[in-house]
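Colleague: The structure's right below; bear with me while I get my questions together.
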Amino acid sequence: MTDAAKEAPDTTGVAVSSSVLYAEACRLMPGGVNSPVRAYRAVGGIPLFLVRGAGATVWDADGGEYLDYVGSWGPLIAGHAHPAVVRGIVETAAAGSSFGAPTPLEVEMARTVTASVPSIEMLRMVSSGTEAAMSALRLARAATGRRDLLKFDGCYHGHADSLLVKAGSGMMTLAHVPGSRGAAGVPSSAGVPDEIAALTRVLPYNDAEAVRAAFQDRRQEIAAVIVEPVAGNMGVVPPAPGFLETLRDLCSAAGALLIFDEVITGFRVGRGGAQARYGVRPDLTCLGKVIGGGLPVGVYGGRRDVMQVVAPLGPAYQAGTLSGNPVAMRAGLETLRLLDDAAYQRLDELGAALADGLATVARRAGVDIVVNRVGSMLTPFFTGTPVVDAASAQRADVDRYARFFHGLLDRGVMVPPSQFEAWFVSLAHTAEDVRRTVDAARAALAA
Ligand code: PMP
């Protein structure tokens with residue numbers, strides 16, 4: 001346990017078991033959850049109801065203690081309840097939690113983001129990644145006067161209608177659950193009109209030639225290409241050399257906008273996100289997760305001339321009651337303050353140790369695993385062939401992953417309840433935590 005975990009107050013409250021809570025939750029909420037993957041449908045069993053987190057550790061309502069690699073699905077790069085973040089939240093909330101008026105903290109956040117991510121010359125704060133991607137797409141259509149969108153199979157950009165076409169994350173997870181509509185259909189969610197889905201063309205990730213061909217087809221109609229510059233929502237899939245550069249060149253030549261969805265990768269794979277890591281400058285960027293420090297935040301931003309199309313400067317409307325919320329800004333700023341070069345080096349070392357450890361114990365156990373990793377985000381795929389796109393990710397043995405998931409959980413390690421998600425290492429994890437995790441993996445694979 002880290003020092004932060006030892007010092008954290010116990011706020012467990014009244015003990016009600018996860019199974020009792022789940023039964024009631026299922027009566028009150030679809031699947032008993034507020035976001036589908038949390039329901040454990042892909043791995044089976046009853047989802048654990050969490051009551052407390054500190055550092056790299058979480059506790060459930062049943063008193064169980066787990067080393068956590070979900071990290072709230074990415075935001076908690078500093079770990080749970082980091083003292084500086086908690087202090088900032090309390091201080092700011094005490095001075096008023098929301099005004100619906102401009103505040104100094106928004107300016108500080110905008111200054112911090114634009115200084116770290118040079119392609120973002122101007123930005124707009126929103127309250128989720130979904131809102132960021134949805135708004136960036138509307139803006140791209142407004143700025144270009146075009147309608148078509150290119151996206152990639154297995155990438156997830158939130159749940160706006162245009163983007164729920166062959167989407168990753170929960171859509172890919174549920175594709176393996178009998179009775180679900182899943183990723184194969186277009187659109188992949190009920191309720192999305194075919195007319196809207198028809199404007200979204202889906203191509204295989206990392207297939208530069210397919211993108212080139214799509215541009216030859218409809219060069220004048222493409223408003224934007226949206227991509228996770230490191231995919232995280234089909235499990236982690238890095239961009240092939242030259243892939244992002246090709247997108248950049250094709251968009252520039254055709255007058256289409258290149259949107260990097262860095263909701264996961266922003267401030268995660270480096271201070272400047274994936275765009276700094278791979279040296280490709282998008283026109284628009286979506287951020288979320290880490291910049292909110294665990295509170296609900298999203299951002300879209302980019303070229304000044306494009307952002308000037310957003311209301312009230314221009315005709316692309318977008319607004320939000322809680323946008324730029326001071327408590328969320330403060331949580332984000334306190335988190336970003338922790339992310340210096342040494343922090344990223346540490347995250348990279350811990351990520352490498354975990355990825356190497358998992359690959360080694362799998363090899364020794366004679367189990368085929370491919371571990372994809374970029375910095376502190378990684379996925380062990382139960383397959384013997386390289387995972388470079390959604391099709392190769394879907395070759396992974398999801399039943400084997402489900403057994404592995406429960407094997408780890410039984411040994412006090414919590415990882416995402418789906419093969420097609422990223423594991424996240426935080427600054428609160430230690431080398432000893434990683435060793436414990438690799439030991440647990442060894443035992444889980446042997447069982
Ligand atoms: N884009 C990406 C790349 C994401 O990973 C996510 C969420 N996992 C979203 C957008 C949507 O963000 P939110 O869940 O905050 O709406």
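Colleague: Ala443 versus Ala342, label points 7 Å from Cα toward the beta carbon: distance in nm?
Modeller: 3.4
Colleague: Something else about it: Enter the per residue convex hull volume of the range 232-283, computed from alpha-carbon coordinates, in Å³ rounded to the nearest integer.
Modeller: Cα convex hull per residue, to the nearest whole number: 79 Å³.
Colleague: If all Cα-Cα distances of the range 336-447 are sorted into 5 Å bins from 0 onward, what percent lands in each bin, rounded to whole numbers?
Modeller: All Cα pairs considered, the percentages come to 2, 12, 22, 26, 19, 11, 5, 2, 0.
Colleague: At q = 0.09, 0.11 Å⁻¹, what log₁₀ I(q)/I(0) does the chain have when each alpha carbon counts as one equal point scatterer in the Debye sum?
Modeller: Calculated log10 I(q)/I(0) at the listed q: -0.55, -0.85.
Colleague: If you project the alpha carbons of the range 159-300 onto the principal axes, what extent comes out on each, in Å, largest first?
Modeller: 42, 42, 24
Colleague: Still on this model: Express the Stokes-Einstein translational diffusion coefficient of the range 84-336 in µm² s⁻¹, to the nearest whole number, given a Kirkwood radius over alpha-carbon pairs, 10 °C and a viscosity of 1.306 mPa s.
Modeller: Value of D from the Cα-based Kirkwood radius: 86 µm²/s.
Colleague: Taking the Cβ of each residue in Ile222, Ile291, Ile46 as the centre, tally the other Cβ atoms inside 10 Å and list the residues starting with the fewest.
Modeller: By the 10 Å Cβ count, ascending: Ile46, Ile222, Ile291.
Colleague: Over all Cα pairs of the range 32-76, how is the pair count split among 10 Å bins, expressed in % and running from 0 up to the last occupied bin?
Modeller: All Cα pairs considered, the percentages come to 25, 57, 18.
Colleague: Place the peptides 204-214, 224-234 in order of packing, highest mean first, counting for every residue the other Cβ atoms within 10 Å and averaging per peptide.
Modeller: Result, highest mean first: 224-234, 204-214.
Colleague: Let me ask something else. Going through the DSSP H helices of the chain, which span 24 Å or more along their own axis at the Cα atoms while scoring at least -1.0 as a mean Kyte-Doolittle hydropathy?
Modeller: Sorted by number, the helices that extend far enough and score high enough are 341-365.
Colleague: Turning to a different aspect of this structure: If you take all C-alpha pairs in the range 54-136, what percent of them are over 18 Å apart?
Modeller: Of the Cα pairs, 64 percent sit more than 18 Å apart.
Colleague: Sticking with this structure for a sec: Tell me which chymotrypsin sites (Phe, Trp or Tyr not before Pro) from the range 253-320 have a DSSP coil assignment and no more than 13 other beta carbons within 10 Å of their own.
Modeller: Hits after loop and neighbour filter: Tyr317.
Colleague: Still on this structure, please answer the following. What residue among Leu149, Gly266, Pro102 has its Cα farthest toward the positive end of the dipole of the range 84-336, where the charges are +1 on Lys, Arg and -1 on Asp, Glu, each on the Cβ?
Modeller: Of the options given, the answer is Pro102.
Colleague: How do the peptides 155-167, 25-37, 246-258, 413-425 rank, highest first, by the average count of neighbouring beta carbon atoms within 10 Å per residue?
Modeller: So the peptides 155-167, 25-37, 246-258, 413-425, ranked by packing, come out 413-425, 155-167, 246-258, 25-37.
Colleague: For Arg403 and Ala240, what does the FRET efficiency come to when R0 = 25 Å and r is the distance between their Cβ atoms, rounded to the nearest 0.05?
Modeller: 0.20
Colleague: Please order Ser98, Ser426 by the number of other Cβ within 10 Å, starting at the fewest.
Modeller: Ser98, Ser426
Read-outs throughout are calculated quantities, based only on the coordinates presented, and are distinct from any laboratory measurement. On a predicted model such as this, the values are computed, not experimentally measured, just so you know. Note that each Cβ is placed from the backbone with ideal geometry, even for glycine, and that neighbours are counted across all protein chains shown.
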